[in-house]
Structure formats: C-alpha cells, structure tokens
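Here the structure comes first, spelled out in structure tokens, and everything after it is commentary.
The values are calculated or read from the model by the stated rules, or taken from the named source; none is laboratory data. Since this is a predicted model, take the numbers as computed values, not measurements. Quick reminder, even Gly has a Cβ in these numbers, built from the backbone with ideal geometry, and neighbours come from all protein chains shown. In case anyone asks, the SASA skips ligands and DNA or RNA and just uses the protein heavy atoms, side chains included. Shrake-Rupley method; radii C 1.70, N 1.55, O 1.52, S 1.80 Å.
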Amino acid sequence: MPPVRVLIVDDSVVVRKLLSDALASTPGIQLAGTASSGIIALAKIPQLNPDVITLDIEMPGLNGIQTLKEIRKLYPKLPVIMFSTLSEHGASITLEALSLGASDYMAKPTNSESLAEAMGQVRGELTAKILALAGRERISGPPARSTATSKPAIGRSRIDILAIGTSTGGPNALAEVIPQLPADFPVPALVVQHMPPLFTRLLAERLNAQSRIRVGEAEPGCALEPGHLWIAPGDYHMTVVRKGLKATLELNQDPPENSCRPAVDVLFRSVARAYGPNVLAVVMTGMGSDGTRGAGHIRETGGEVFVQDEASSVVWGMPGAVVNSGCANKICSLAEISQEIVRRVQVGRTRGTLGAVAAPA
C-alpha cells in the first residue's frame, strides 16, 4: 500500500520544520510538500496530489478559514486537519472550520521544554489522525450496512436516558442530530465528544443556539432533566449517580481511558449501572475504539446500542469497533440517527405525545 502523502500548510518556518521532521520519520506517511501560505497551498495541491492536508488557521493573506473554503470548493472530500492554539479564540475559529468541512483539528504544541518533546507530542497524535482520515485505521471484521427500520419496537424496556459518544467528525455529526430532536424530548441526554477544555463549552453553546432542546456543558451536581443535553467538559470524565428517581452528574479527573478524558467508556459504564435496561447509547464517527467496552456493559444490563454507519462516518473506528464486537443493535446513517432515537424513546410512552423530528435545515 502506498504511503499517505501529506501537504503541510503553515506560515511559520519552525512549525513547518517540526511537522516535516515528525512525519518524515513515521512509517506509512510521506511528506508531499510544504506551503507557507494559503495561496501557495492552493497552487500546490494539483501538483502534489496530497492525501491529507494540515492547515494553520492563523496565516497572513489568505487565512486558514479562507483557504479551507477554497479547498472545499475544489476538493470536497480531501481530508484537512486544522492547526490552532488552545485559546478561546482558537477554539472558536476551529469550531467554525469544522462546520465548514474541516475533517479534524489539532492544537499546536505549547510549553514544550525542547524541540524533541514537541516533536513527540506531534508525532503520536497527528500521525494517528492522518492515518485514520486516509482510511488506514484497521478495524477487524467485514463492513456492515444500515439496519435502521421504520418498524415500531415492541416489548422492549422504556428508554429513560440517552448517551452519545463521538470523536473525529463528531461536532458536525452532533450538529446534524441534536437540532432535530423535539423540544419535548422526554429523557435527558449526555454526550462525550473528545475535545479539550474551552472547545467543549463553545460546542455546547453552538448546539444550544441551533437546537430545540437545551444544551449545556456539564457541571458537578447537575440534576438530569428531560429535554436537556449535557456535554462532558474537556479533561473531565462524566458519570451519573442515581438515588431513587433522582439522578445527578459527577465529574472527575481519574486517569484517561483509551488515551481519552473524557472517555465514552466511562460514561457508558456509569449509565449502565444507573439505568440498567433503560439506556439507549449511540456511538458516532470517531477514531479508535472508545465506547466499545462501555457498549458491552450497556448490552449486558439490557440496554440498546445504535451506531453510525461507515458510509456517513468521517472515521469508522469507534462505531466500527462496536459493530465488530457484536454489541450494536442497529446501524444507522447519520441522516437516520435522530429519527431512530425519537422512534425508540417513544416506545412505552403514550403515542402521539412526542413532537416530530425537526426537518433538516
């Protein structure tokens, strides 16, 4: 299999050197070239034919957002990884880039004591993203197709909580699903999206502005209420504590799981303990396998697990791992997920009391 060809776009000579050296020493990846501006990058793409582009957000002239827009016009499916700073401004622009079609993002290394340390930070995270976006992430077992159906479910436990896990491609997937849930959605919802601090708060604010249900970043002690969705804050695991009919959220900084904090497995184990068979879990696009073990806990306690299909996922790592573990009850395209969620939570409730799914914008 030929190596994945990468074009690095950054106005900083130091960053271009750092990334070039990191990628040059990685098996399976080849440096296709570098560009110091958006204009040069657009000129080089047809010459170099890269498989993946890394794109700096803050550049003079044609900045990263403007360059991304042009790339998407000409190359709608070419994977683009945005590079940004871990600041509120950087997080806000990164979320804008993701909404405009960027495939993923990465924070520039900061506070590194040496160039070697910075290269180590970059090599591990960036190369994994590049390989996943280029379709080189290995998932055992055959591909699966959508099994979503409009046939009503009969004789299953009533759903009392919705838990969603996602990573690469997740912000756009959530923006497709959450705004379509009706205002009278009858259960609380929880989301783990692999993102650092600041990013999760801004993501919650964006989704809240777009949705009919209330969306916020989780805080310790929040009481779970129907029609409200909470997103785990960056760098904190999110769990549920239930006493009788009352359930509240707790946050902790226990060690990362699957190299993630927040981790989907942590949330899924928690809701399985708290709600048993009354859980609906959804695993959407993302690299890695976070959520697979948690999906197993949910199935063991009688809950159900839906996953996003391969065709509509940016990366089918997380949902694919759940499918191949045998824990998926249903495989849905991104366009089907909100309808399937609403249909499932209607089971066991008075028919006709739940609002219709919003039409896509």
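Of everything in region 182-222, what is assigned to a loop (DSSP other than H, G, I, E, B) and of a type in the set (S, T, Y)? Give them in sequence order. Scanning region 182-222 gives a single hit, S211. For region 12-24, filtering for residues that are within 28 Å of the chain's Cα centre (by Cα) and open to solvent by 60 Å² or more (accessible area, probe 1.4 Å) leaves 1. Confirm whether N278 is among the polar types (S, T, N, Q) and closer than 19 Å to G296 by Cα. Here the answer is yes, as N278 does meet what is asked. Take region 311-340 and flag every residue that is of a type outside the set (G, A, S), out of contact with any Leu (no Cβ under 8 Å at 6 or more places or on another chain) and under 14 Å from S289 (Cα atoms). Answer for region 311-340, where residues must be of a type outside the set (G, A, S), out of contact with any Leu (no Cβ under 8 Å at 6 or more places or on another chain) and under 14 Å from S289 (Cα atoms): W316, M318, P319, V322, V323, N324, C327. In region 287-302 there is no residue that is crowded, with 23+ Cβ neighbours inside 10 Å, among the small types (G, A, S) and over 23 Å from A132 (Cβ atoms). Would you please name the residue that is surrounded by the most Cβ atoms within 10 Å (Cβ to Cβ), looking only at residues in region 223-247 that are modelled with pLDDT of 95 or more, part of a loop (DSSP other than H, G, I, E, B) and among the hydrophobic types (A, V, I, L, M, F, W, C)? Taking the candidates together, the pick is A232. If you filter region 252-261 down to residues that are touching a Phe, Trp or Tyr at 6+ places or on another chain (Cβ under 8 Å) and surrounded by fewer than 19 Cβ atoms within 10 Å (Cβ to Cβ), you find that the one that is nearest to V187 (Cα to Cα) is N252.
Counting the residues of region 69-79 that are in contact with a helix residue (DSSP H, G or I) (Cβ under 6 Å, 6 or more places away or on another chain) and open to solvent by less than 30 Å² (accessible area, probe 1.4 Å) gives 1. If the condition is being among the polar types (S, T, N, Q), in contact with a Leu (Cβ under 9 Å, 6 or more places away or on another chain) and in contact (Cβ under 8 Å) with a residue 40 or more places away in the chain, then region 1-25 contributes only S12. All conditions in (1) modelled with pLDDT of 95 or more; (2) in contact with a helix residue (DSSP H, G or I) (Cβ under 9 Å, 6 or more places away or on another chain) hold for A91, with the sole exception of (1). If you take the residues in region 268-286 that are polar (S, T, N, Q) and surrounded by fewer than 24 Cβ atoms within 10 Å (Cβ to Cβ), which one is nearest to E336 (Cα to Cα)? So the residue we want is N278. In region 54-67, is there at least one residue being among the hydroxyl-bearing types (S, T, Y) and either open to solvent by 20 Å² or more (accessible area, probe 1.4 Å) or at pLDDT below 95 (or both)? No.
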